[in-house]
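K.L.:
Can you keep this structure in mind? I'll have questions shortly.
The values are calculated or read from the model by the stated rules, or taken from the named source; none is laboratory data. Computed from a predicted model, the values in this text were never measured in an experiment. Here Cβ is always computed from backbone atoms with ideal geometry, including for glycine, and neighbour counts include all displayed protein chains. Quick note on the areas: whole protein, heavy atoms, side chains included, nothing else; ligands and nucleic acids left out. Shrake-Rupley method; radii C 1.70, N 1.55, O 1.52, S 1.80 Å.
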Amino acid sequence: MYFAPMKWFTVLTLIMLAILLTLGTWQYHRLQWKTDLLADIDAAAEAAPFTSLSDVNRAIKDGDPVDFRRVGTPAIYFSDSGTATEFHVFTTRDKQTAWRIYRLALAEGGHRVFIAAETVNDAEKDSPRKVEDNGKGQIITGYIRLRQDPSFGSPKSTPSLNRYFSFNPVPDEYDWASAYAVPTQRIISDYYIDAVPAKSAADLPPKKPDIRNNHFDYMLTWYSFAVILLIIYIIMHIRAGRLRFGARS
């Protein structure tokens, strides 16, 4: 075989090949991560509901999947003279701006956990609201949701205006637990309860988010580009007489 590589074309091809292979490999790792994530969500969604936050904390400690798992626990909302201390997280309702209300509640075993409660429209956002069951308690049913760090490019929350785009998104700047006159180390901040009214947690349907897993297609795309680039490189050298197979004449 005879091979006389084109210097700069070869250098450029190697650089582009490295980039394409790196992107393909990155998508492969993303595929593995997304596959495991979806498997954990399926396992949590189909599992028996938690009946206490002690069980939730134990499952997290043991590494069991808990995100989107159903839960039902007795709890009493914290309030100030009957008025709820709450945080507002942006959402939409009927294509209009709305806000999900998050409040702190005292559950069994002294656990303090945030509850994602009702949704209000933009005009109602700053109106004072009272906790109807103040001091009486109730069974709060819903789904466990793990706290997520804001992704790159997410809108920036404004704690001073009580405008957030996710659960406790800037704990280093303003931790939601600091708004309460209770020891912050006793307030759960790595998950919250996405409350959904029901007779019991067992009556709630399994909840599974619509998360797409297209990383296999993306991986094949980048690897295909790498193969096509290599084929073009070979063809260019064959046409230039710089690559011949067989004995050199």
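K.L.:
Pairs LYS125/LYS208; LYS61/LYS208; LYS61/LYS207; LYS130/LYS199; LYS95/LYS208; LYS95/LYS207: which are spaced more than 25 Å apart, C-alpha to C-alpha?
P.N.:
Pairs exceeding 25 Å: LYS125/LYS208.
K.L.:
Let me ask something additional. How high is the relative contact order of the chain, given as a whole-number percent (alpha carbon pairs under 8 Å, six or more residues apart)?
P.N.:
Computed value for the chain: 29 percent relative contact order.
K.L.:
Further question: With all protein chains present, how much of the accessible area of segment 146-249 (probe radius 1.4 Å) comes from carbon and sulfur, to the nearest whole percent? Show your work: numbers first, answer last.
P.N.:
Values: 4130 of 7110 Å².
On segment 146-249, the fraction of accessible area on carbon and sulfur atoms equals 58 percent.
K.L.:
For the pair GLU118 and ILE228, how long in nm is the line joining their label points, each one 7 Å along Cα→Cβ?
P.N.:
Label at GLU118, label at ILE228, 5.5 nm between them.
K.L.:
Can you work out the FRET efficiency for the pair GLU46 and ARG93, with r the C-beta to C-beta distance and R0 = 35 Å, to the nearest 0.05?
P.N.:
0.75
K.L.:
Also, quick follow-up: Kindly express, to the nearest 10 degrees and within the range 0 to 90, the angle between helix 7-46's C-alpha long axis and the longest C-alpha principal axis of the chain.
P.N.:
For helix 7-46, the angle is close to 30 degrees.
K.L.:
How much length is gained if the chain between GLU173 and ASP126 is pulled fully straight, taking 0.36 nm per residue apart and subtracting their Cα-Cα distance, in nm to one decimal?
P.N.:
Fully extending the segment from GLU173 to ASP126 adds 14.7 nm.
K.L.:
Taking 0.36 nm per residue of sequence separation and subtracting the Cα-Cα distance, how much length would be gained by fully extending the chain between SER166 and ASP62, in nm to one decimal?
P.N.:
Result for the pair: 34.8 nm of gain on full extension.
K.L.:
Now a separate question. Per-residue ellipticity at 222 nm for the chain, helices alone: DSSP H runs ≥ 4 residues times -39500 (n - 2.57), over residue total, nearest 500 deg cm²/dmol?
P.N.:
So the calculated ellipticity at 222 nm is -10500 deg cm²/dmol.
K.L.:
On to the next question. Residue separation times 0.36 nm, minus the C-alpha to C-alpha distance between LEU146 and LEU17: what's the value?
P.N.:
Numbers: separation 129, 0.36 × 129 = 46.44 nm, distance 3.87 nm.
Full-extension gain reported as 42.6 nm.
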